[in-house]
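These notes are about the structure you will find just below.
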Ligand SMILES: C[S@@+](CC[C@H](N)C(=O)[O-])C[C@H]1O[C@@H](n2cnc3c(N)ncnc32)[C@H](O)[C@@H]1O
């Protein structure tokens, strides 16, 4: 099942203001913890596929560490922003791809990265199966996703009110993952979970699940 046209249009409309939205939610200390966790996941030998890269915030965090990064998203408007951010890197290629069904051959990448994609995706199990398909044997999938089950009601209200002021009615997330839910999703696609770390932010109170799994085929 491909990602829906409606979903793609939603992200297209969000693209221009996305970075400002992100800055309004993510504190600096929190971001630096995520940045250093992410830096530990990759090596200079990695050929990485990023799914749902959005404006390229996380692509830019890993671009200098890896051999090659193919940053993809299904929204052309998001990719316009990513192109501005990532234009200076010789080892980064930007492509339009649906995370449910990419155009890459089996076993093409040593690593796949997906940040804040799975809880929004129409069909997260399909996305994770696609990660498995394009990974080389022994390759890894690195996922960072909001632990929606653990965000306080007050934080949701604060974030939703901010969103309402800036952009109108907020869109519902499709999924609210706990670390166990996310691990089950990944394991269900035939990948073996190696590490799950929870990174916590105080205001707004949010938790992010940072997970690495390996293709044990
Ligand atoms: C919350 S944003 C995350 C962007 C970026 N990874 C970040 O964390 O800043 C979700 C992104 O996933 C993309 N997306 C959602 N479903 C997708 C799909 N089926 N295929 C490709 N991209 C998708 C959206 O266009 C959007 O850019």
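The table for this structure:
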read-out	value
Tilt relative to the chain, helix 153-167 - C-alpha long axis, 0 to 90 degrees, to 10	90 degrees
Rounded D (µm²/s) - the chain, Kirkwood Rh over Cα pairs, Stokes-Einstein at 20 °C, 1.002 mPa s	123 µm²/s
Separation of alpha-carbon centers, region 7-51 and region 53-129, rounded to whole Å	10 Å
Label zone at residue 47, where the point sits 7 Å out along the Cα-to-Cβ direction: region 87-108 residues whose backbone N lies under 14 Å	92-93, 104-108
Whole-number percent relative contact order across region 5-214, with pairs defined as alpha carbons under 8 Å at least 6 apart	19 percent
Per-residue Cβ neighbour rank within 10 angstrom, fewest leading, 96, 102	96, 102
C-alpha long axis of helix 28-39 to longest principal axis of the chain, angle in °	10 degrees
Additional length obtainable on full extension of the chain from residue 103 to residue 192, 0.36 nm per residue less Cα span	29.6 nm
Within the chain, percent of DSSP bridges classed antiparallel, to nearest 5	45 percent
Residue-averaged 222 nm ellipticity for the chain, from DSSP H runs of 4+ at -39500 (n - 2.57), nearest 500	-11500 deg cm²/dmol
Label point at residue 203 placed 7 Å out along Cα→Cβ; residues across region 27-43 whose backbone nitrogen lies under 18 Å	27-32
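Laboratory data are not the source of any read-out in this text; all were calculated from the coordinates shown. This one's a predicted model, so the numbers in the text were calculated from it and none came from an experiment. Using ideal geometry, Cβ is built from the backbone for each residue, glycine included, and neighbour counts are taken over all protein chains shown.
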